[in-house]
């Protein structure tokens with residue numbers, strides 16, 4: 001990692017446990033709950049929250065994975081088609097309370113795409129949103145129901161979430177965008193959807 | 001046509017001996033793009049082709065990318081609403097100068113499943129009948145707003161001419177005797193999906209029948225040798241003319257490429273048997289004595305299939321002449337994956353439309 005660390009592995013663990021309690025509390029139980037992680041880092045986060053609910057409530061909540069690639073609003077703007085990672089929604093979503101899980105909430109465009117994708121699969125009772133980090137700068141009228149950590153940022157900064165399952169270690173860091181072509185291009189790409 | 005001087009129908013198949021060696025499929029390593037929020041993750045090996053004219057220009061990595069993208073499209077096809085907005089607002093024009101049902105409908109469904117706007121033009125009911133040239137037709141279609149052109153033509157090479165004129169992407173849906181790339185890719189996809197281990201590398205694949213007139217066979221030769229199959233072409237000598245030269249140079253490193261009229265030897269221990277349609281319209285030219293004799297000597301019957309490996313896959317690009325190149329009970333038998341080929345065709349064509357749509361226009 002190269003940037004300033006804003007969450008350690010322990011803080012991520014505690015935030016995940018708190019999110020799991022909040023989700024169950026808001027639902028007044030676990031009936032009809034389903035966690036759906038947005039590819040890519042939302043998926044391991046959703047699994048962790050489900051593991052925590054199992055530990056505290058003794059209930060095994062179904063976990064799904066959602067790929068939003070085909071629903072991005074910037075497909076015509078990126079230089080090359082992004083990798084498609086696959087969608088899996090065990091048991092379907094009809095009538096369930098869906099908790100969408102993602103690592104970072106930024107412009108809100110990812111969540112817009114995710115909701116468009118979800119309604120193509122059925123009619124959930126409700127859709128709620130849980131994120132590990134909310135960094136502000138929304139471009140759409142979307143807010144999170146459950147937030148691990150609110151982090152004030154500027155648009156010139158990048159928030160990077162690392163998870164053991166995808167990156168080999170846990171941690172969240174923030175770094176200033178340099179003029180390096182790679183970071184700038186990645187940031188432009190992310191702003192249009194993330 | 002130059003088919004007499006160049007019976008294999010290729011400009012010079014031996015000129016390009018750099019058939020890509022098979023590269024074992026690896027997981028997609030995430031590349032050097034920082035994991036910024038949900039920035040699109042770039043392909044490990046990007047898609048760079050603006051057109052799909054044949055499979056000879058595709059590397060083993062390209063083939064792998066098409067196969068993995070088709071996997072995602074199969075998942076889309078299994079959804080309650082099998083439609084995603086990936087190509088929303090794109091104009092796709094389907095221009096067919098030859099009769100077709102399955103390929104044209106397959107492309108149309110693929111484009112619609114991606115929410116593209118589709119226009120169909122059959123040359124027989126268009127200004128082509130008033131003498132409009134191919135280049136003029138293509139210019140007109142582009143001026144009308146088409147961004148992708150799916151084209152079938154009876155003349156080998158016609159889509160290459162169209163690609164020189166058209167500013168968007170051209171997909172070859174079959175040109176003369178030359179190429180039918182999406183068929184070859186859906187065939188490869190079907191084999192990989194059904195063969196144990198998920199790969200055709202080292203597998204014995206037999207293409208049986210009228211190889212001479214078959215664009216399906218020619219495209220399959222490129223993709224199957226690139227994917228590392230042991231390839232056998234089998235049929236009457238009159239329908240194999242010119243392919244020995246290709247076989248002499250075309251095999252991938254360490255693999256076989258055999259041309260024979262001995263059906264027993266070709267089918268022995270085969271993993272895949274692909275029967276080709278006998279193109280009845282060619283029979284007048286004296287290449288075959290009769291359909292009955294062809295069926296008796298080269299038809300894929302249950303008895304002949306018994307010489308292949310147990311569970312060998314039976315394929316056919318369609319449309320079939322049942323009782324000629326393939327017996328009805330074999331075509332409908334347990335080993336047949338012919339209807340699966342049709343379903344996979346939609347997924348493969350969705351994958352290609354999606355990948356080509358990401359490449360900038362000229």
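Can you name every residue in segment B:46-73 that is under 14 Å from the mean Cα position of the chain (by Cα), more than 14 Å from chain A (Cβ to nearest Cβ) and either at pLDDT below 95 or in a helix (DSSP H, G or I) (or both)?
Across segment B:46-73, the qualifying residues are B:56, B:57, B:58, B:63.
Pick from A:37, A:32: which is over 17 Å from the mean Cα position of the chain (by Cα), closer than 28 Å to residue B:75 by Cβ and touching a residue at least 60 places away in the same chain (Cβ under 8 Å)?
Step by step, each of A:37, A:32 is checked, and only A:32 is over 17 Å from the mean Cα position of the chain (by Cα), closer than 28 Å to residue B:75 by Cβ and touching a residue at least 60 places away in the same chain (Cβ under 8 Å).
Specify which of the listed residues (B:276, B:355) is farther than 15 Å from residue B:209 by Cβ and crowded, with 21+ Cβ neighbours inside 10 Å.
None of the other options fit; the residue is B:355.
Here is a yes/no grid of residues against (1) assigned to a strand (DSSP E or B); (2) touching a strand residue (DSSP E or B) at 6+ places or on another chain (Cβ under 9 Å); (3) in contact (Cβ under 8 Å) with a residue 60 or more places away in the chain:
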residue	(1), (2), (3)
B:224	no, yes, no
B:233	yes, yes, no
B:241	no, no, yes
B:244	no, yes, no
B:249	no, yes, yes
B:265	no, yes, no
B:293	no, no, no
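Among the residues of segment A:105-114, is there at least one that is touching a strand residue (DSSP E or B) at 6+ places or on another chain (Cβ under 8 Å), under 24 Å from residue A:27 (Cβ atoms) and facing another protein chain (nearest Cβ under 8 Å)? Even if it seems obvious, please write down each step before you answer.
Just the residues of segment A:105-114 that are touching a strand residue (DSSP E or B) at 6+ places or on another chain (Cβ under 8 Å), to begin with: A:105-106, A:110-111, A:114.
Those still in the list that are under 24 Å from residue A:27 (Cβ atoms) too: A:105, A:110-111, A:114.
After this cut, where a residue has to be facing another protein chain (nearest Cβ under 8 Å) as well, the list is A:110.
There is at least one residue in segment A:105-114 that is touching a strand residue (DSSP E or B) at 6+ places or on another chain (Cβ under 8 Å), under 24 Å from residue A:27 (Cβ atoms) and facing another protein chain (nearest Cβ under 8 Å).
Given the structure, is residue B:108 outside any helix (DSSP H, G or I), away from every other protein chain (no Cβ under 14 Å) and within 20 Å of residue B:341 (Cβ to Cβ)?
No: the conditions fail for residue B:108.
Would you be able to say whether some residue in segment B:155-169 is modelled with pLDDT of 95 or more and in a strand (DSSP E or B)?
Within segment B:155-169, one or more residues are modelled with pLDDT of 95 or more and in a strand (DSSP E or B).
When you scan segment B:78-89, how many residues do you find that are crowded, with 18+ Cβ neighbours inside 10 Å and either under 24 Å from the mean Cα position of the chain (by Cα) or outside the structural domain of residue B:353 (by TED's automatic domain parsing) (or both)?
Final tally of qualifying residues: 2.
Tell me yes or no: at least one residue of segment A:44-54 is touching a helix residue (DSSP H, G or I) at 6+ places or on another chain (Cβ under 8 Å), under 25 Å from residue B:355 (Cα atoms) and within 14 Å of chain B (Cβ to nearest Cβ).
The answer is no; no qualifying residue exists.
Residue by residue through segment A:127-170, note down the ones that are assigned to a strand (DSSP E or B) and within 16 Å of residue A:114 (Cβ to Cβ).
Result: A:127, A:128, A:129, A:130, A:131, A:132, A:134, A:146.
Against the condition at positive phi, at pLDDT below 95 and more than 8 Å from chain B (Cβ to nearest Cβ), how does residue A:86 come out, does it pass?
Here the answer is no, as residue A:86 does not meet what is asked.
Can you find a residue in segment A:18-40 that is within 13 Å of chain B (Cβ to nearest Cβ), in a loop (DSSP other than H, G, I, E, B) and in contact with a helix residue (DSSP H, G or I) (Cβ under 9 Å, 6 or more places away or on another chain)?
Checked against the condition, which is being within 13 Å of chain B (Cβ to nearest Cβ), in a loop (DSSP other than H, G, I, E, B) and in contact with a helix residue (DSSP H, G or I) (Cβ under 9 Å, 6 or more places away or on another chain), segment A:18-40 yields at least one hit.
Among the candidates B:342, B:330, B:346, which residue alone is away from chain A (no Cβ under 14 Å), modelled with pLDDT of 95 or more, part of a helix (DSSP H, G or I) and under 12 Å from residue B:275 (Cβ atoms)? Even if it seems obvious, please write down each step before you answer.
Working: B:342 fails: under 12 Å from residue B:275 (Cβ atoms); B:346 fails: under 12 Å from residue B:275 (Cβ atoms).
That would be B:330, the only listed residue that is away from chain A (no Cβ under 14 Å), modelled with pLDDT of 95 or more, part of a helix (DSSP H, G or I) and under 12 Å from residue B:275 (Cβ atoms).
What number of residues in segment A:121-130 are buried (at least 19 other Cβ atoms within 10 Å of the Cβ) and facing chain B (nearest Cβ under 10 Å)?
Of the residues in segment A:121-130, 1 are buried (at least 19 other Cβ atoms within 10 Å of the Cβ) and facing chain B (nearest Cβ under 10 Å).
Can residue A:55 be described as farther than 18 Å from residue A:146 by Cα and in a helix (DSSP H, G or I)?
In short, yes.
Considering only segment B:74-105, how many residues are away from chain A (no Cβ under 14 Å) and not in a helix (DSSP H, G or I)?
10
The values are calculated or read from the model by the stated rules, or taken from the named source; none is laboratory data. It should be emphasised that the depicted structure is a prediction, and the values quoted were computed from it without experimental measurement. All Cβ positions, glycine included, derive from the backbone under ideal geometry; neighbour counts span all protein chains shown.
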